[in-house]
Amino acid sequence: MRTELDQFLAHLRNERQLSDHTISNYQRDLLALLEEFDQTNVKDWKDVSAHHLRSYITGAFRGGKSGKTLQRHLSSIRTLFNFLAREGVVRTNPAMEFSAPKSKSTLPDTIDTDQISRLLAIEAKTWHGLRDRAILELFYSSGLRLSELVGSNVQDISFDDCTIRVRGKGSKERLLPVGSKAIQALTAWLKDRVLAPRAKNIDESALFISERGARISARNVQARVREWCRRLGISGRVHPHTLRHSFASHMLESSQDLRAVQELLGHADISTTQIYTHLDFQHLADVYDKAHPRANRKRREPE
């Protein structure tokens, strides 16, 4: 069974060309499944039934796994069995016979425009400050994922068109607009980029580098965002994805164009983007009162 699992992972890497991060998730999910089969004495993929898989998912749910995690596990299993069916190893996909439990839906964390303005006004007189402001501006300007930002290269930026080309999930590329403030911050950063304080060699391709000259890591970016929020007294759990969520939420509130926000975020399914359609009731009530000719509840008709 492990041999066929390794063949499946090679298929994801070589044929589908998925990212290392995505392949690692598949591998982790499916190795956990194999451990379950070792305990239940299942020796061949042909012997796996819907009952086996349902028991595995149910046990993981009782063990505290979230519905979102189990939905991903089940998706990994379904994709594996589709591959095994294509290769003639199995005839059917038993993972298609049931669904994973659902988690209670939660809204993404966002910060308001005032907090965004404070965060983007950080002092940028040092090498680190110039880099960090450019990172924060680019996150909020274009709604990048963390992996997209750390993977960006200098040549991905077009200063003539004010755009950036990013590689998203599944190595899919998309072209995104970059706002004028972000362009200014990037221009200032690139002037000082080669002056990394502890660098012996500079990664010439990477848009953002560490002080040692290597491409900046995701963990480093996360730490810098937390540090600036701490310095500025911005409360709550703020991380790079919070800036992406805030970008999407503010764009949608202003434009009401769900399809455009979907394209900007690089979501394959518009249902993923729909989570940003939340607007608090007070905002809706204010818009209603201002826009509808008979809506103002504070105004009384003359007697």
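Each value in this text was obtained by applying a stated rule to the coordinates, not by laboratory testing. Because the structure is a prediction, the values reported are computed rather than measured. Note: ideal-geometry Cβ built from the backbone for every residue, glycine included; neighbour counts use all protein chains shown.
Structure data summary
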| item | result |
| --- | --- |
| Largest-first ellipsoid semi-axes for region 1-156, taking √(5λ) over the Cα gyration tensor eigenvalues, angstrom | 42, 20, 12 |
| Relative contact order (%) - region 56-152, alpha-carbon pairs under 8 angstrom, separation at least six | 19 |
| 0 to 90° range, to nearest 10: angle between helix 127-142 axis and the chain longest Cα axis | 70 |
| Viscosity 1.306 mPa s, temperature 10 °C, Stokes-Einstein D of region 116-235 from Kirkwood C-alpha radius, µm²/s | 110 |
| Residue 155-residue 47 pseudo-label distance in nm [points 7 Å out on the Cα-to-Cβ vector] | 5.3 |
| Computed helical MRE - 222 nm, the chain, DSSP H runs ≥ 4 contributing -39500 (n - 2.57), nearest 500 | -17000 deg cm²/dmol |
| Lysine pairs in region 9-148 with Cα atoms under 24 Å, if 8 or more residues apart or on separate chains | 4 |
| Footprinting exposure proxy for 269, 44 (fewest neighbouring C-beta atoms within 10 Å first) | 269, 44 |
| Amide proton proximity set for residue 209, modelled H, under 5 Å, gap of 5+ | 216 |
| Shape of region 219-276, Cα gyration tensor, a/c cut at 1.5 | prolate |
| Calculated FRET efficiency for the pair residue 222/residue 38, C-beta based, R₀ 30 Å, to 0.05 | 0.25 |
| Sequence-separation-based contact order of the chain, relative, with Cα cut under 8 Å and 6+ spacing, percent | 15 |
| Contour minus Cα-Cα distance for residue 241 and residue 257 (0.36 nm per residue) | 3.7 nm |
| Rg/Rh (Cα only; Kirkwood hydrodynamic radius) as it applies to region 157-221 | 1.00 |
| Gaussian network model of the chain, springs between alpha carbon atoms under 10 Å - residue of 248, 50, 214 with greatest fluctuation | 50 |
| Choice from 137, 15, 148 showing the highest fluctuation, given a GNM over the chain with Cα pairs closer than 10 Å | 15 |
| Range of Cα positions in the chain per principal axis (Å), largest first | 78, 69, 34 |
| Between 0 and 90°, nearest 10: helix 67-86 axis offset from the chain longest Cα axis | 50 |
| Among 170, 236, 63: highest mean-square fluctuation, GNM of the chain, C-alpha pairs under 10 Å | 63 |
| Tilt relative to the chain, helix 20-40 - C-alpha long axis, 0 to 90 degrees, to 10 | 30 |
| Mean Cβ count within 10 Å, highest first, over the residues of peptides 16-24, 174-182 | 174-182, 16-24 |
